[in-house]
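Any read-out appearing in this document is the output of simple, stated calculations on the displayed coordinates, not a laboratory observation. Bear in mind that the values here come from a model prediction, so they are computed numbers and not experimental data. Cβ atoms come from the backbone with ideal geometry, glycine included; neighbour counts cover every protein chain shown.
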């Protein structure tokens, strides 16, 4: 197997998020060979699309793939191009199998913000749907994303549900504390705290303690909200302090609303993996796609609204909390070792 590994420059600096970087590591551990692609940052418009398509194709050609080899791509590529489906079809004509792993569906996630830009949404739709349709296999986040893409014409039998993203860490450095639940339990919120994306953060209910980690937080004078600063994804598990992790998005505490909130109906947010890797049970929206995973593994609680949070937390028994916490710690081991992606790869064969 070969895979595209995007870098920022010739020194090999990674061009993706921790989720992307972790996939690269898991593939390498399983014997895959990397094909380095440096992300172009000087060209724009049609020139960029043409250049990226030619550049990716040339790098693949130089890697020397043969008939019956497999190429693994993570989408969306930073080196994006509307011509990527043409590259994939050429590889398939040469007898090469192409597997995609979906990190984000921008034509769904960006919603109305994209539709307001003339032609932008159409290009993103064409770029993403075209490669999903022509790939031999597609690893999607969960069953809800699978159902969504089926409605857009993606063949059901070639889609594999990842269920949740892995969160690679050194198990030896993690020590779970058999901590009892404090009546004034703390709810962790980690991620991009910019108001345009996470407006709900600035409307949090007053009678619950929140601990915030992330960039772009606009400071507020609230006694129950404690901002702890921004940390690298590799550092966060060693500094996070709390009892639950919150997976929420959008501009409201009444439900997950707006483009970002609605996107939770289909994606499996990487912050869920972070919380579980820390051994924290998860709180999320009842209608979020990840809620199925949380419920099936008994690793958290589901809400209609954050206004329910105080009452729900007060009603959780110590025994119930410790069961969820121990279940989260068991899952953490699989996440830290890359077990979910490895299982998906075995299904593909």
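See the values below:
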quantity: Evaluated over the chain, the Cα radius of gyration and Dmax, each in Å; calculated: 20.8, 63
quantity: Translational D in µm²/s for region 190-232 (Stokes-Einstein at 20 °C, 1.002 mPa s, Kirkwood Rh from C-alpha pairs); calculated: 203
quantity: Helix 45-63 vs. the chain, principal-axis angle (Cα, 0 to 90°, nearest 10); calculated: 80
quantity: Scattering profile of region 171-336 at q = 0.09 Å⁻¹ [log10 I(q)/I(0), Debye over alpha-carbon scatterers]; calculated: -0.26
quantity: Cα-based Rg / Dmax (Å) for region 295-349; calculated: 15.4, 47
quantity: Helix axis angle, 120-134 relative to the chain longest principal axis, alpha carbon, degrees; calculated: 70
quantity: Distribution of pairwise C-alpha distances over region 210-277, 10 Å bins, in %; calculated: 17, 47, 35, 1
quantity: Beta bridges per DSSP with both ends in the chain, % antiparallel, nearest 5; calculated: 5
quantity: P(r) histogram, all alpha-carbon pairs of region 2-161 included - 5 Å bins from 0, percent; calculated: 2, 9, 17, 22, 22, 17, 8, 3, 0
quantity: Ordering of 293-300, 29-36, 262-269 by packing [mean C-beta count within 10 Å, highest first]; calculated: 262-269, 293-300, 29-36
quantity: Global form of region 125-180, assessed from the alpha-carbon gyration tensor, a/c cut-off 1.5; calculated: prolate
quantity: Between helix 18-29 and the chain: long-axis angle, C-alpha atoms, 0 to 90°, nearest 10; calculated: 60
